[in-house]
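Novice: Structure in structure tokens, see below.
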Amino acid sequence: MRQFFSVKIKRQKLNLHSTIIFLFAVTIFTNNGLQAQSLDTLPIIEYSQPKEYEIGGIKVIGAQFSDDNAIIAIAGLKVGDKIRIPGENIYKSIKALWKLRLFTDVQIIKEKVIGDVIFLEIHVQERPRLARHSFRNVKKSRHDDLNDEVNKYLLKGGIVTENVKTNAANAIKNYFHGKGYLDVEVNVEEIPDEKLINAVRLVFEVDKNEKIKIQDITFSGITVKAKKLRKKMDNTHRKRKLFSSSRLVREDYEADKKSIIAYYNTLGFRDARILSDSIWREKDGDLRIHMNIDEGNRYYFRNIVWKGNSIYDDVTLAKVLGIEQGEVYNTELLETRLRFSQDGRDVSTLYMDNGYLFFQIDPIETSIVNDSIDLEMRIFEGPQATIDKVTISGNDRTHEHVIRREIRTRPGQKFSRSDIIRSQREIINLGYFNPETMEMNTPVNPQRGTVDIEYVLEEKPSDQLELSAGWAGGGRGVIGTLGVSFNNFSVRNIFKKESWSPLPQGDGQRLSLRAQTNGRFFQSYNVSFTEPWLGGKKPTSFTVAGFYNRFAFGDRAFSNFQKFVIAGGTVTLGTRLKWPDDNFISQTSLTVQNLSLENWGRGLFVTDDGLIVTDGNFFNINVTQTITRSTVSDPLFPKDGSRFSLAVTLTPPYSLFNNKDFSKSPVEERFRFLEYHKWRFNAEWYTNIFDKFVLKAEAKIGMIDAYNDDIGISPFERFQLGGDGLANQQFGAFTGVDLISLRGYEENELPANIQNGSVVATPIFNKYTVELRYPISTNPSSTIFATTFLQGGNAFRSFRDFNPFDVRRSVGVGLRVFLPMFGTLGFDYALGFDKPNQNNVDGSIFSRYGNFNIILGFEPE
């Protein structure tokens, strides 16, 4: 016979004393005994003579996941304790176990009694545990996102309570609210698991219902155009806005309200505020938003007074601030001119570039008269800070001296904010480190007046492997390519076995090897080596490169054999200039080439008088001087900065050294030693226009001319505009012409490229591009961005025909994927609007005007 105890408290008043009487409902079990009733429905029986017992033993029954000893400890019962039955001990024990919220039923049962010793059993029914969860009526593409949301509340093997299910369901609702599904419904189904005991699986059934869009956003109390206010709402848009989703997300909406007030502040309305805003549903279910705005008065700058400045006078500071009396009171502009503007034109940068790291400035409004505000600029200059330690961490492969020679901050120098920013740019441009995770810390020691500079880096893959095969038409077969580029090589460690991992690396040298062949028709071999710091003390780069290309067609036995061989080498010296500023780089190259043609009938090389070069042995010895200025900080996906370069290639003027009349000389003799002067100008400009969108503007112009008009312009070293510009990759890097891509046009679709029915190179080209880029991923292991572009370009046979505004236009879209081991991959699809005679071609506009280009390994010119 067993008994169990359930406890209630009954309050009575007896003789002005409050006495708590503990009531025990006792049910006696036999082997076929009655089932226990719940705590709230047990009969209440009052005992007038409780009896004291000693606990002889305690057992826990029904606990599968919970620890028995922990349950007993929480119950507060111990073997050997004296308890009164009925009494408050049992009541407190049950109450303590209920508070855990781990059980659906708790009972304390008398197992047996021996004299004054009682043996107890604690019976518990544990709540079910979570086996797994799933979603119903939800696309698989959303499962990962939803798992991230619900896993904040669900734990596999954890206890499933109503609170847990409610929180998980609300997380799913909030997710879909952020997607515009404000009427989403989530039902949670709890199903016993077939495999695990006392476990359940939760099925979240989602009914998104219709997406709720914003029908309109209106304002009252405004003098500013409502259109401009709506444009400042980056996240909350009307459904009529193109290329933007219309949805209401509460957090984003609150941020947009702050953006509206910030915009008002730029217009001089310093007191502008939103008095109220209303959101309601229309009959069709769409939302309407209305804001009631109090713009307040528009204010203007009046007198600006400087206090506390001793290093720079008022005139200098006012010039840097650049705010004149009478200008609209723009708090955003004021803050930008005082602290950390993007272009470095601010008062803080002026001081910090001179070592005043502790500099502080506070603009105080001292007077407001009608619509004018007087400001007092209170300055604390502080002492100059000296750089104490410069530490570098995270460079697991790159040797520290490679990084230190690029940075501008040195121990003992005065602190300079501009030097830190420039150092960051130079480290990123090395291409060895992840720009997204790069950190620069500046711990300060005010007592000593020093600052430490800490560069925290993360290495990324920088080497490239090219392994590809492509089909060449005309019966030429498959062309295989194998190339490797080691961009962080170390020559001095070649003979140190411990430095091979898998190759000696870490000194910033570049070694490139590349081979292409299909055996009989085409062979190309290229090798180059670059030491970026020749001698190790100055940024003087040294590059040596060599190449051999051979093209062959036909068979000598049938008199249709054609061959073109070009071989040569280049030596280049480059250095960073100090004037006009140290963003300039000078490079000087000496190139020696030999070009050999035998019965070459491809028509690419044509003289000014229309003669096609088919045979001969030619030499090209030239010097190229290139001046480049670059402020681009990320070579993979530039967000700002510019790059300008001017290259001039000159050969010796051989014809000036003799009086020979070359006008009637055969082609082989006229051009045996090539003489020309060649000019290339490239300009690139990048800026972040909004959100993550980056605008790129680019211009390219190339010209080649002769010293001697009797000889004419060289048939080699000209330009071929059109196509994808990838012939260099397919047939080798040096083919005697500069290959320039023009999206939307093949080479034979530019009139100047066609002469006597053959595609030829031209002496002049121009090309202009405007691109809008959007980064899909900036992860260094796979940088991906989409682009849409406008492009125009043209080729010209003579300087008389040249017109920089006469271009063949195109528009298109593209995608780029940069993989460290393979380089740049991608495609472009462009529509060319100025193709000749396309109106007479059958087909759609896409088939008549469209061109599809593939990018493999590198970005074409």
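The values are calculated or read from the model by the stated rules, or taken from the named source; none is laboratory data. Treat the numbers as computed from the prediction; the structure is a model and nothing was measured. With ideal geometry, Cβ positions are generated from the backbone for all residues, glycine too; neighbour counts draw on all protein chains shown. Side chains included, ligands, DNA and RNA excluded: accessible areas come from the protein's heavy atoms. Shrake-Rupley method; radii C 1.70, N 1.55, O 1.52, S 1.80 Å.
Novice: Determine, from the Cβ-Cβ distance of Arg101 and Asp145 and an R0 of 41 Å, the FRET efficiency 1/(1 + (r/R0)^6), rounded to the nearest 0.05.
Specialist: Working: r = 30 Å, r/R0 = 0.73.
Efficiency, from the Cβ-Cβ distance: 0.85.
Novice: Would you mind listing how long segment 362-507 runs along its three principal axes, going by Cα atoms, in whole Å with the largest first?
Specialist: Over segment 362-507, Cα extents along the principal axes are 86, 46, 19 Å.
Novice: Using a Förster radius of 51 Å, what is the FRET efficiency between Asn174 and Ile311 based on their Cβ-Cβ separation? Nearest 0.05, please.
Specialist: Details: r = 53 Å, r/R0 = 1.04.
In this case the efficiency is close to 0.45.
Novice: Going by Cα centres, segment 618-694 and segment 758-824 are how many Å apart?
Specialist: For segment 618-694 versus segment 758-824, the Cα centre distance is 18 Å.
Novice: Once every DSSP H run of n ≥ 4 in the chain is given -39500 (n - 2.57) and the sum is divided by its residues, what mean residue ellipticity at 222 nm do you get, rounded to the nearest 500 deg cm²/dmol? Display every interim value, and only then the final one.
Specialist: Details: 14 runs with 121 residues, N = 861.
Calculated at 222 nm, the ellipticity per residue is -4000 deg cm²/dmol.
Novice: Taking 0.36 nm per residue of sequence separation and subtracting the Cα-Cα distance, how much length would be gained by fully extending the chain between Val770 and Glu126, in nm to one decimal? Don't jump to the answer; show the numbers that get you there.
Specialist: Working: separation 644, 0.36 × 644 = 231.84 nm, distance 6.70 nm.
Stretched out fully, the Val770 to Glu126 stretch lengthens by 225.1 nm.
Novice: Set the Förster radius R0 to 56 Å, insert the Cβ-Cβ distance between Arg672 and Gln413 as r into 1/(1 + (r/R0)^6), and round the FRET efficiency to 0.05. List each step's numbers first, then the result.
Specialist: Numbers: r = 57 Å, r/R0 = 1.01.
Efficiency, rounded to the nearest 0.05: 0.50.
Novice: Trp500: accessible area at probe 1.4 Å, nearest 10 Å²?
Specialist: 110
Novice: A further question follows. Per residue, how much accessible surface does the chain expose to a 1.4 Å probe? Answer in Å², no decimals.
Specialist: Per-residue accessible area for the chain comes out at 52 Å².
Novice: Cα to Cα, under 17 Å, and not fewer than 8 places away if on the same chain: which lysines meet these conditions relative to Lys92?
Specialist: Of all the lysines, those that pass the test against Lys92 - Cα under 17 Å, at least 8 places apart if same chain - are Lys8, Lys10, Lys78, Lys82, Lys110.
Novice: Next question, about the same structure. Distance check, please: which entries in Lys59/Lys99; Lys232/Lys692; Lys213/Lys692; Lys225/Lys257 exceed 22 angstrom between their Cα atoms?
Specialist: Details: Lys59/Lys99 20 Å; Lys232/Lys692 16 Å; Lys213/Lys692 24 Å; Lys225/Lys257 16 Å.
Going by Cα-Cα distance, Lys213/Lys692 fall outside the 22 Å limit.
Novice: To the nearest 20 debye, what is the magnitude of the charge dipole of the chain about its Cα centre, counting +1 on the Cβ of each Lys and Arg and -1 on the Cβ of each Asp and Glu? Please list the in-between numbers first.
Specialist: Details: 110 positive and 105 negative charges, 326 e Å.
Dipole size: approximately 1560 debye.
Novice: Another question, then. Which percent of the accessible area of segment 333-457 is formed by carbon and sulfur heavy atoms (probe 1.4 angstrom)? Write down the numbers at each step before the final one.
Specialist: Numbers: 2580 of 5750 Å².
C and S atoms contribute 45 percent here.
Novice: Restricting to bridges with both residues inside the chain, how much of the DSSP beta-bridge set is antiparallel, in percent to the nearest 5? Before the final figure, lay out the partial values.
Specialist: Values: 231 of 268 bridges.
Close to 85 percent.
Novice: Something else about it: Kirkwood hydrodynamic radius, segment 39-155, all distinct C-alpha pairs: what's the number in Å? Before the final figure, lay out the partial values.
Specialist: Working: mean 1/r = 0.0583 Å⁻¹.
Every distinct Cα pair counted, the radius reaches 17.1 Å.
Novice: With only alpha-carbon atoms in the gyration tensor, what are the semi-axes of the equivalent ellipsoid for the chain, in Å, largest first? Before the final figure, lay out the partial values.
Specialist: Numbers: eigenvalues 1121, 299, 201 Å².
In descending order the semi-axes read 75, 39, 32 Å.
Novice: Return the distance in nm (one decimal) between the two label points of a simple spin-label model at Ser758 and Asn441, each offset 7 Å from Cα along Cα→Cβ.
Specialist: With each label placed 7 Å out from Cα toward Cβ, I get 6.7 nm.
Novice: Got a number for carbon plus sulfur as a percent of segment 633-747's accessible area, 1.4 Å probe? Provide the component values of the computation, followed by the final result.
Specialist: Values: 2800 of 4870 Å².
Percent of accessible area from carbon and sulfur atoms in segment 633-747: 57.
Novice: Next question, about the same structure. Could you check the simple spin-label distance between Lys538 and Arg448, using points 7 Å along Cα→Cβ, in nm with one decimal?
Specialist: 3.4
Novice: Relative contact order for segment 633-783: what is it in percent, counting Cα pairs under 8 Å that are at least 6 residues apart? If you can, show how the numbers build up before the last one.
Specialist: Details: 271 pairs, mean separation 35.0, N = 151.
Reported relative contact order: 23 percent.
Novice: Follow-up question, since we're still on this one. When all alpha-carbon pairs of segment 236-345 are counted, what percent fall beyond 24 Å?
Specialist: Values: 2819 of 5995 pairs.
Tail of the P(r) past 24 Å holds 47 percent of the pairs.
Novice: Pairs of alpha-carbon atoms within less than 8 angstrom and 6+ residues apart define the contacts here; what relative contact order does segment 292-407 have, in percent? Could you put the intermediate results ahead of the total?
Specialist: Details: 151 pairs, mean separation 33.3, N = 116.
This gives 29 percent for segment 292-407.
Novice: When we measure straight from the Cα of Lys538, which aspartates and glutamates land under 14 angstrom away, once same-chain ones fewer than 8 places off are left out?
Specialist: The qualifying aspartates and glutamates are Glu406, Asp582.
Novice: What fraction, in whole percent, of alpha-carbon pairs in segment 119-233 exceed 24 Å separation?
Specialist: More than 24 Å apart: 45 percent of the Cα pairs in segment 119-233.
Novice: With a point put 7 Å past each Cα toward its Cβ, work out how far Leu196 is from Phe799 in nm, to one decimal.
Specialist: Each label point lies 7 Å from its Cα, and together they span 8.3 nm.
Novice: Now a separate question. Using +1 at the C-beta of Lys and Arg and -1 at the C-beta of Asp and Glu, which of Gly616, Gln593, Asn659 has the Cα lying farthest in the positive direction of the dipole of segment 564-669?
Specialist: Gln593
Novice: Ignoring ligands, DNA and RNA, what percent of the 1.4 Å accessible area of segment 180-319 is carbon and sulfur? Present the calculation step by step, with values, prior to reporting the outcome.
Specialist: On the way: 3740 of 8030 Å².
Ligands and nucleic acids excluded, carbon and sulfur reach 47 percent.
Novice: For Cα pairs less than 8 Å apart in space and 6+ apart in sequence, what is the mean separation divided by the residue count of the chain, i.e. the relative contact order in percent? Display every interim value, and only then the final one.
Specialist: Working: 1937 pairs, mean separation 40.8, N = 861.
Relative contact order here is 5 percent.
Novice: Here is a follow-up. In terms of Cα to Cα distance under 23 Å, which lysines are near enough to Lys767, apart from those fewer than 8 places away along the same chain?
Specialist: Partners found: Lys639, Lys678, Lys696, Lys700, Lys835.
Novice: If you scale each eigenvalue of the Cα gyration tensor by 5 and take the root, what three semi-axes come out for segment 320-418, rounded to whole angstrom and sorted largest first? List each step's numbers first, then the result.
Specialist: Values: eigenvalues 289, 43, 18 Å².
Each semi-axis is √(5λ); the values are 38, 15, 9 Å.
Novice: Next question, about the same structure. I'd like to know which of His290, Ser276, Ser259 lies farthest towards the positive end of the charge dipole of segment 239-313, counting +1 on Cβ of Lys and Arg and -1 on Cβ of Asp and Glu.
Specialist: Farthest towards the positive pole: His290.
Novice: If you rank Arg270, Arg718, Arg345 by how much accessible surface each has, with a 1.4 Å probe, what is the order from largest down? Please report the intermediate quantities before stating the final value.
Specialist: Working: Arg270 75, Arg718 10, Arg345 100 Å².
Correct descending sequence by accessible area is Arg345, Arg270, Arg718.
Novice: Which percentage, to the nearest 5, of the DSSP beta bridges contained in segment 332-460 is antiparallel? The partial results should precede the final answer.
Specialist: Details: 16 of 22 bridges.
So the antiparallel bridges in segment 332-460 amount to around 75 percent.
Novice: In addition: State to the nearest 20 debye the size of the charge dipole of segment 544-625 about its Cα centre, where the only charges are +1 on K and R beta carbons and -1 on D and E beta carbons. Could the numbers behind the result be given before it?
Specialist: On the way: 6 positive and 7 negative charges, 57 e Å.
With only Lys, Arg, Asp and Glu charged at Cβ, the dipole is about 280 debye.
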